[in-house]
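Read-outs throughout are calculated quantities, based only on the coordinates presented, and are distinct from any laboratory measurement. The model shown is predicted, which means the values in this text are computed figures rather than measured ones. Cβ coordinates were reconstructed from backbone atoms using ideal geometry, including for glycine residues, and neighbour counts include every protein chain displayed.
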Amino acid sequence: MALHERVEGFIHFLRYRQVCEHLRPCERMVDLGCGETYRFLKKFGHLARECWGLDVTVNDGKDENVFLREFDVTKGLPFAEKTVDIVTCLAVLEHIEDPISIFREILRILKPGGRLIVTTPSRWGILAHEALRFFRLVQDVAPGEHKDFNMTRGKISSWCQETGLYVEALRSFEFGLNIILVGRKP
């Protein structure tokens, strides 16, 4: 295994460790920006009867209870209103020009009581990631792929509240390099 794969795997491990405490068994879970290997759904897909991974990098397909769809999440979400229990959006918001539109769509598809789990690098986390990329210790993001270098807890919280989601949890982790937000639909 290449060094960059080990480093990327460790970063994912640290992120998932924060996320897993907010997961629960459910009917339908959706991972926005699941990535080509849909690593998160492979690890936690057993918690849902049906899982969906959406990303521009995946090929349409099915892997046990995981349905994959090549899809640009900035174009709306392909689910009916109030049909999803959990939406995860892990290290994705910093790649999107208009994250508030994603929050609106998430609110639309979540069932009442449904949960949104977001992680994103903070501004320091993005800079650390760029340094790791420069030294070729990570190769998971192309140059110019990050759109927002100023992620803060306040900014993410305001997007959540502006769309009508209740902020259930919000904190920094990994020495302030990353942020996790858990929102709940009333």
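Near LEU68, the amide H atoms lying under 5 Å from its own belong to GLY53, GLY61, LYS62, ASP63; only residues 5 or more places off or on other chains count, and H is placed 1.01 Å from N. For the chain, what number of Lys pairs, 8 or more residues apart or on separate chains, have alpha-carbon atoms under 19 Å from each other? Count of close lysine pairs: 8.
Using just its DSSP H runs of length 4 or more, each adding -39500 (n - 2.57), the chain gives a mean residue ellipticity at 222 nm of -9000 deg cm²/dmol after division by all residues. Think of the chain as having a plus end and a minus end, set by charges on the Cβ of Lys, Arg, Asp and Glu; of ALA91, ILE106, CYS20, CYS20 sits farthest toward the positive end of this dipole.
The string of couplings for segment 85-93 from the Karplus curve (6.51, -1.76, 1.60, θ = phi - 60°) is 8, 9, 10, 10, 9, 9, 6, 10, 4 Hz, one whole number per residue in order, with x for Gly and Pro. Taking GluC sites (Glu not before Pro) across segment 8-75, the ones in a DSSP loop with at most 14 further Cβ atoms lying within 10 angstrom of their Cβ are GLU36, GLU64. Computed from the Cα positions only, the extents of segment 1-75 along the three principal axes stand at 34, 27, 24 Å, in decreasing order. DSSP beta bridges fully contained in segment 1-135 are about 15 percent antiparallel.
Loop-located trypsin sites (Lys or Arg not before Pro) in segment 1-110 (DSSP state other than H, G, I, E, B) with a sparse environment of at most 13 neighbouring Cβ atoms within 10 Å: LYS82. Charge dipole of segment 62-186 (Cα centre as origin; +1 on each Lys and Arg Cβ, -1 on each Asp and Glu Cβ, all else neutral): 360 debye, rounded to the nearest 20.
Between the exposed loop cleavage positions of the chain, defined as chymotrypsin sites (Phe, Trp or Tyr not before Pro) in a non-H, G, I, E, B DSSP state with at most 15 neighbouring beta-carbon atoms within 10 angstrom, the longest gap is 1-134.
Take the Cα radius of gyration of segment 34-138 and divide it by 2.2 N^0.38 Å, N being the number of residues; the result is 1.14.
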